[in-house]
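The values are calculated or read from the model by the stated rules, or taken from the named source; none is laboratory data. Predicted, not measured: the structure shown is a model, and the values here were computed from it. In this analysis, Cβ positions are derived from the backbone assuming ideal geometry, glycine residues included, and neighbour counts consider all displayed protein chains. Surface areas here come from the heavy atoms of the whole protein model, side chains and all, with no ligands, DNA or RNA. Shrake-Rupley method; radii C 1.70, N 1.55, O 1.52, S 1.80 Å.
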Amino acid sequence: MDLFVFSDYRQIIRHRIKKLPRKGFGSLRQLAIHIGLNSVVMSQILNGKRDLTPEQALGVGQFFNFTQLEQDYFLLVLQRERAGTHS
């Protein structure tokens, strides 16, 4: 339940990767493959140059075994990031 302190989905992903064994070494590549991306695109997403799609976000939730509440929060944070206006 620690992901609820984050308001950026990229921070959630980074945090979850660091919590994996070996501090997530190699996990970013595995995550990218799991959601159908190459690791270059995944790096661009984490660096803020691109955004995940909602479908990819569902795959992230599956990869990290999010609970339903965590998945809902993750999707809401993603939608907020992808919004066209601040309001």
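Of the labelled figures (i) 12.2, 40; (ii) 15.8, 52; (iii) 12.7, 38, only one reflects Rg and Dmax of the Cα atoms in Å as derived from the coordinates, namely (i).
So what is the accessible area of the chain per residue, in Å², with the probe set to 1.4 Å? Don't jump to the answer; show the numbers that get you there.
Working: 5640 Å² over 87 residues.
Ligands and nucleic acids excluded, the result is 65 Å² per residue.
The dipole here belongs to the chain: it is taken about the Cα centre, uses +1 on the Cβ of Lys and Arg and -1 on the Cβ of Asp and Glu, and is about 460 debye.
Here the accessible area is traced with a 1.4 Å probe on the protein chains. For the chain, carbon and sulfur cover 53 percent of it.
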